[in-house]
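Student: There's a structure below that I have some questions on.
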Amino acid sequence: MVSNTRVNTSHADLSLDQADVKQLDIIVQRHSYDATHLLQILIEIQECYGYIPPESISYIAEKLDIPRVRIESVASFYSFLHLQPHGDFRVLFSDNITDRMLGSSELMQQMCHQLWVQPGKVSEDGLVSINTTSCTGMCDQGPAMLVNGLAITRLSHQRVQEIGQLIRNRTPLAKWPNNFFRIEDNIHRKEMLLGNQLLPGDALHSALKLGGENIIDAIKTSSLRGRGGAGFPTGQKWEACRNTTGEAHYVVCNADEGEPGTFKDRVLLTSYADLVFEGMTLAALAVGAKQGFLYLRGEYRYLLEPLRTVLECRRENNLLGKNILGKNGFDFDIAIHLGAGAYICGEESALIESLEGKRGVPRNRPPFPVTHGYLQQPTVVDNVETLCHAVLAIHMGAENYKSIGTEKSSGSKLISVSGDCPRPGIYEYPFGVSIREVLNDCGAVNTRAVQISGPSGICVAKHEFDRKLGFEDLPTAGAFMVFDDSRDLFEVARNFVHFFAHESCGFCTPCRAGTLMLKQTMDKIAAGHGTKHDLNEVENLDHVLQTTSHCGLGRSACNPVLHTLKHFHPSYENRLKSLDFEPAFDLDGALARARQMTGRDDAGAHLKPEEI
Amino acid sequence: MNDSFQLDGAEITIEEGQTVLQAALTAGHYIPHLCYHPEFKPHGSCKLCTVKVNGRTAASCTMPAEAGMTVENNIEELNALRRTLVQMLFAEGNHFCPSCEKSGNCVLQALGYDLGVHSAGFRHLYPDRPVDASHPEILLDFNRCILCELCVRASSEVDGKSVFALSGRGITKHLIVNAESGLLKDTSIALDDKAMQVCPVGVILKKRIGFSQPIGERRYDQRPISAQALDDAPPHTPEVGSNCDVCEDAP
């Protein structure tokens, strides 16, 4: 396809020959030449070629009848898609703080050394690229990585060594040892959700007897609130959608579980998929939708085929498709769309944009998705866990459901426990459980702090461990990262700040520039050049981000720093110079190159302290 | 009788479907703004037009105007935020006003002066953004791009061409053109395109006319932007004057 393409790679000949044309035709035909499927088409092209060749962009632009610049614009938004060759093996180390605490940085260095490649670059022979990526949702079995989009967990020096060897030998991924790709559920505590005995269709039978409006009443009575973190009342959301007239209504399951430290949806999609789809079907019955989408984060690509099998099985059992369970006119089906490495797509309006094949930029709101969602039609977007709870609420009865948990937080919550504890994994508790209780159950000792609900949540210190999880006190999407007294909370905050800068969509000025400036400030402090002035800067940036950002990402980007500053001030103080101000530019550091060239490192080759 | 809201104590009449910024401009009241253009659907990305609506901050260009709202605009707290946002825009690109063809006609520069931005405030990022001089008539200097998407919107909505789009994400976000070569010469852009007229800074420039109007005699050299922005406001209702006195008297 490209005249100067390297030889020796498995996809060497990329001239748009007949085979390529045929392949691209198959892909666009599979998606009915529908430009709203653009992201899915691009993901499939990348799975064929290892990247998205420019000639393929021109070709599909013509086939989909859209400008090629739009395709480039979309592809470049998602960090898993590449517009240039990116190696036959694309290795991404999960870079959550929990991966780091388990030694992921050293493992990455080891692999780079073994394969002679610099992080972020493609090896000279086009064989491999190695880089980091945001949390891959495997914190209970880290350190983890993705190879060509597939997850490998429990990395050790030996395993990394073996993977390096397989890559060097160009062994196709399909021939790698199966146990590399084994993902455990790690369920340690079950309540109403994980312990349920429902069979597929049980709740739908009850729901059909109730009918749409009564389902919504029941959900309202159950006081079910969204489990994605914001806690919006589910019944109210469904009602608003049902009451909006439109050409079509849609149900979307948000399985873009991107908040670092959260992996409960992974477990639900692995072992409770029927319950998730039953919840979507229930929502469809309630709001009058015929089409549903499950938006699956790219990191969980390995779940795509198993989930499709479950869908097929439900179609065979008349739990999806036409006239579901014999009910005339109750038609509903579900399609799975993949994400491609963009945390922001967990925000519901960005998710809808992505579902429409666009860049995942959050929309201006109002209007909200319940009235103007997918294709501007009324749409409910619910978290994976919320949909499971809706099934439980209908099946066990609203009043029974409501009796579990606390007054403002009914039912139970899945907690994803990771970090410094001997038993990381999934724990289900009725709402109202204290942090201390969770710490006891997972066996954590000498705990210094717990990060609740991921980087955008809050950092809770020891004296607050009696605080309770629930909307009354500590709302959470489920992440529970434990840090013991050997950990430096400054480094935790710095990791989170890097995460936000990497995941900012770049739409609005404050978040695009502000998250980067925050990152630079934290790096400056880490390098030993921080002063009190920099801490003031952080507070100033926080104010700007809080008040002017377009969405929640920007508004929460300073949280990790502010929370750790509040409780762990010494972590910062120890790093600060006793000056009021020091410029970001390191004068002495700038002479390093000259020192290297002249082979000098004596006192005369350094600036005197009073000169700096 | 139309609905109305309060803007810094003044009564602003709302016309059907207007946002806070649109209603304010129509009524002759200035709210600083950058990515908003009266001919296009509000976008809401620069956040310069942030106001306080009933005590909560919101971008006034996208916030639907509602009866009874209390909107705060010209207060130090908000102007301080706007100064920081302008500083951020200056720091993330490469803006060298003295040598820029757009100096004096540049909205970013004019806002900087008008809001009293006296220093960079942040460490400059000095991004590497090569210019595209491939086109015989038009120069693209990406160094000055503030990602307002006005050219993107003009080219697709008015010109029907989609010459421009944004690529990348976060701080790496940048303007690209519709060509496999990535060069402007291979696009269908023309000098009379709307996209040629909307850039608020000095990215999209017609070649061979540089500095034909001397610096010092340009638009914002005459009067500050707050006194002029209303000239571009949407069509006025007959009973409203063309400019408000308060703005005209501003320094």
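The values are calculated or read from the model by the stated rules, or taken from the named source; none is laboratory data. Quick caveat: nothing in here was measured; it's all calculated off a predicted structure. Here the Cβ positions follow ideal geometry from the backbone for every residue, glycine too, while neighbour counts run over all protein chains shown.
Student: Against the definition (in a loop (DSSP other than H, G, I, E, B) and within 30 Å of residue A:544 (Cβ to Cβ)), how does residue B:160 come out, yes or no?
Tutor: Judged against the criteria, residue B:160 is not a match.
Student: Still on this structure, please answer the following. I'm checking my understanding of the structure. Among residues of region B:22-36 that are part of a loop (DSSP other than H, G, I, E, B) and of a type in the set (A, V, I, L, M), which one is nearest to the other protein chains (Cβ to nearest Cβ)?
Tutor: B:34
Student: I would also like to ask the following. Taking the condition free of Cβ contacts under 8 Å to residues at least 60 places away in the same chain, on the phi > 0 side of the Ramachandran plot and not basic (Lys, Arg), does residue A:87 pass?
Tutor: Yes: the conditions hold for residue A:87.
Student: Sticking with this structure for a sec: Which condition number does residue B:101 fail, the rest of (1) acidic (Asp, Glu); (2) closer than 29 Å to residue B:142 by Cβ; (3) within 14 Å of another protein chain (Cβ to nearest Cβ) being met?
Tutor: Evaluating residue B:101 over (1) acidic (Asp, Glu); (2) closer than 29 Å to residue B:142 by Cβ; (3) within 14 Å of another protein chain (Cβ to nearest Cβ) leaves (3) as the failure.
Student: Within region B:175-204, which residues are within 20 Å of residue A:361 (Cα to Cα) and more than 9 Å from chain A (Cβ to nearest Cβ)?
Tutor: Once the filter is applied, which keeps residues that are within 20 Å of residue A:361 (Cα to Cα) and more than 9 Å from chain A (Cβ to nearest Cβ), region B:175-204 yields only B:175.
Student: Moving on to the next point. Might you let me know whether region A:84-98 holds any residue that is buried (at least 19 other Cβ atoms within 10 Å of the Cβ) and within 14 Å of chain B (Cβ to nearest Cβ)?
Tutor: No; the residues of region A:84-98 include none that is buried (at least 19 other Cβ atoms within 10 Å of the Cβ) and within 14 Å of chain B (Cβ to nearest Cβ).
Student: So for region A:229-249 (the condition being modelled with pLDDT under 95, among the small types (Gly, Ala, Ser), surrounded by fewer than 17 Cβ atoms within 10 Å (Cβ to Cβ) and within 30 Å of residue A:493 (Cα to Cα)), does at least one residue qualify?
Tutor: yes
Student: Considering A:473, A:466, which residue is closer than 24 Å to residue A:225 by Cα and without any contact (Cβ under 8 Å) to a residue 12 or more places away in the chain? Let's see the steps before the verdict.
Tutor: Working: A:466 fails: without any contact (Cβ under 8 Å) to a residue 12 or more places away in the chain.
Exactly one of A:473, A:466 is closer than 24 Å to residue A:225 by Cα and without any contact (Cβ under 8 Å) to a residue 12 or more places away in the chain, namely A:473.
Student: Output yes when any residue across region A:566-573 is away from every other protein chain (no Cβ under 14 Å), farther than 28 Å from residue A:365 by Cβ, in contact with a Gly (Cβ under 8 Å, 6 or more places away or on another chain) and hydroxyl-bearing (Ser, Thr, Tyr), and no when none is.
Tutor: Of all residues in region A:566-573, those away from every other protein chain (no Cβ under 14 Å) come to A:566-573.
From the residues that got through so far, the ones that are farther than 28 Å from residue A:365 by Cβ too are A:566-573.
From what's left, in contact with a Gly (Cβ under 8 Å, 6 or more places away or on another chain): A:572.
Still in the list and also hydroxyl-bearing (Ser, Thr, Tyr): A:572.
There is at least one residue in region A:566-573 that is away from every other protein chain (no Cβ under 14 Å), farther than 28 Å from residue A:365 by Cβ, in contact with a Gly (Cβ under 8 Å, 6 or more places away or on another chain) and hydroxyl-bearing (Ser, Thr, Tyr).
Student: Being surrounded by 10 or more Cβ atoms within 10 Å (Cβ to Cβ) and either part of a helix (DSSP H, G or I) or among the hydroxyl-bearing types (Ser, Thr, Tyr) (or both) is the filter here; which residues of region A:599-612 pass it?
Tutor: Within region A:599-612, A:605 is the sole residue that qualifies.
Student: Now for a different question. Exactly one of these conditions fails for residue A:43: (1) within 14 Å of another protein chain (Cβ to nearest Cβ); (2) over 18 Å from residue B:161 (Cα atoms); (3) of a type in the set (A, V, I, L, M). Give me its number.
Tutor: With respect to (1) within 14 Å of another protein chain (Cβ to nearest Cβ); (2) over 18 Å from residue B:161 (Cα atoms); (3) of a type in the set (A, V, I, L, M), residue A:43 is out only on (1).
Student: Please give the number of the condition residue A:503 fails out of (1) surrounded by fewer than 24 Cβ atoms within 10 Å (Cβ to Cβ); (2) touching a residue at least 60 places away in the same chain (Cβ under 8 Å).
Tutor: (1)
Student: Being in a loop (DSSP other than H, G, I, E, B) and either among the β-branched types (Val, Ile, Thr) or away from every other protein chain (no Cβ under 12 Å) (or both) is the filter here, so list the residues in region B:37-51 that pass it.
Tutor: Within region B:37-51, B:37, B:38, B:39, B:40 meet the criteria.
Student: State the number of residues belonging to region A:125-159 that are under 22 Å from residue A:47 (Cα atoms), hydrophobic (A, V, I, L, M, F, W, C) and in contact with a strand residue (DSSP E or B) (Cβ under 7 Å, 6 or more places away or on another chain).
Tutor: Within region A:125-159, residues that are under 22 Å from residue A:47 (Cα atoms), hydrophobic (A, V, I, L, M, F, W, C) and in contact with a strand residue (DSSP E or B) (Cβ under 7 Å, 6 or more places away or on another chain) number 9.
Student: Condition first: more than 22 Å from the chain's Cα centre (by Cα), surrounded by fewer than 22 Cβ atoms within 10 Å (Cβ to Cβ) and outside any helix (DSSP H, G or I). Now tell me which residues in region A:51-74 satisfy that.
Tutor: Hits for region A:51-74 are A:65, A:66, A:67.
Student: Considering only residues of region A:471-516 that are more than 9 Å from chain B (Cβ to nearest Cβ) and among the acidic types (Asp, Glu), which is farthest from residue A:137 (Cα to Cα)?
Tutor: A:472
Student: Right, something else. Given (1) within 21 Å of residue A:513 (Cα to Cα); (2) surrounded by fewer than 18 Cβ atoms within 10 Å (Cβ to Cβ); (3) of a type outside the set (D, E, K, R), identify the lone condition not met by residue B:88.
Tutor: Only one criterion is unmet by residue B:88, namely (2).
Student: For region A:153-194, what are the residues that are buried (at least 16 other Cβ atoms within 10 Å of the Cβ) and of a type in the set (Gly, Ala, Ser)?
Tutor: A:164
Student: Let me ask something else about it. Go through the residues of region B:76-99 one by one and say whether even a single one is closer than 17 Å to residue B:21 by Cα and acidic (Asp, Glu).
Tutor: No, region B:76-99 contains no residue that is closer than 17 Å to residue B:21 by Cα and acidic (Asp, Glu).
Student: Output the qualifying pairs, or none if there are none: Cβ atoms under 8 angstrom, residues six or more apart or on different chains, first residue in region A:56-83 and more than 9 Å from chain B (Cβ to nearest Cβ), second residue assigned to a helix (DSSP H, G or I) and acidic (Asp, Glu).
Tutor: Final answer for the pair search is A:56/A:20; A:63/A:25.
Student: Among the listed residues A:21, A:28, identify the single one that is at pLDDT below 95 and more than 20 Å from residue A:341 (Cα to Cα). If you could, list the steps in order and put the result at the bottom.
Tutor: Details: A:28 fails: at pLDDT below 95.
Testing whether each residue is at pLDDT below 95 and more than 20 Å from residue A:341 (Cα to Cα) leaves just A:21.
Student: From the list B:54, B:74, pick out the single residue that is under 20 Å from the mean Cα position of the chain (by Cα), over 17 Å from residue B:108 (Cα atoms) and more than 9 Å from chain A (Cβ to nearest Cβ). Full working, then the answer.
Tutor: Details: B:54 fails: under 20 Å from the mean Cα position of the chain (by Cα).
Being under 20 Å from the mean Cα position of the chain (by Cα), over 17 Å from residue B:108 (Cα atoms) and more than 9 Å from chain A (Cβ to nearest Cβ) holds for just one of B:54, B:74, which is B:74.
Student: Can you pull out every residue in region B:152-163 that is more than 7 Å from chain A (Cβ to nearest Cβ) and either in contact with a helix residue (DSSP H, G or I) (Cβ under 7 Å, 6 or more places away or on another chain) or hydrophobic (A, V, I, L, M, F, W, C) (or both)? Write out each step before concluding.
Tutor: Taking region B:152-163 first, the residues more than 7 Å from chain A (Cβ to nearest Cβ) are B:152-161, B:163.
If the condition is that a residue be more than 7 Å from chain A (Cβ to nearest Cβ) and either in contact with a helix residue (DSSP H, G or I) (Cβ under 7 Å, 6 or more places away or on another chain) or hydrophobic (A, V, I, L, M, F, W, C) (or both), then B:152, B:154, B:155, B:158, B:159, B:161, B:163 are the ones that fit.
Student: Taking the condition of being surrounded by fewer than 24 Cβ atoms within 10 Å (Cβ to Cβ) and out of contact with any His (no Cβ under 6 Å at 6 or more places or on another chain), how many residues in region A:454-469 meet it? Can you show your working first?
Tutor: Taking region A:454-469 as the starting set, the residues that turn out to be surrounded by fewer than 24 Cβ atoms within 10 Å (Cβ to Cβ) are A:456, A:458, A:460-468.
With out of contact with any His (no Cβ under 6 Å at 6 or more places or on another chain) added as a condition, the list becomes A:456, A:460, A:462-468.
Total meeting the criteria: 9.
Student: Would you mind listing the strands (runs of 3 or more DSSP E) fully within region A:142-194 where at least 2 residues are farther than 30 Å from residue A:411 by Cα?
Tutor: Result: A:145-147, A:150-152.
Student: Continuing with the same structure: Which numbered condition in (1) within 14 Å of chain A (Cβ to nearest Cβ); (2) in a loop (DSSP other than H, G, I, E, B); (3) of a type outside the set (S, T, N, Q) is the only one that residue B:214 fails?
Tutor: Going through the list (1) within 14 Å of chain A (Cβ to nearest Cβ); (2) in a loop (DSSP other than H, G, I, E, B); (3) of a type outside the set (S, T, N, Q), residue B:214 breaks only (1).
Student: Condition check: within 20 Å of the chain's Cα centre (by Cα), part of a helix (DSSP H, G or I) and either buried (at least 18 other Cβ atoms within 10 Å of the Cβ) or within 9 Å of chain B (Cβ to nearest Cβ) (or both). Does residue A:543 satisfy that?
Tutor: When the stated conditions are applied, residue A:543 does not pass them.
Listed here are the residues, each with its yes/no results for (1) aromatic (Phe, Trp, Tyr); (2) buried (at least 24 other Cβ atoms within 10 Å of the Cβ); (3) in contact with a Gly (Cβ under 6 Å, 6 or more places away or on another chain).
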site	(1), (2), (3)
A:357	no, no, no
A:372	no, no, no
A:379	no, yes, yes
A:416	no, yes, yes
A:430	no, no, yes
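Student: Further, regarding this structure: Being surrounded by fewer than 23 Cβ atoms within 10 Å (Cβ to Cβ) and of a type in the set (A, V, I, L, M, F, W, C) is the requirement here; does residue A:477 meet it?
Tutor: no
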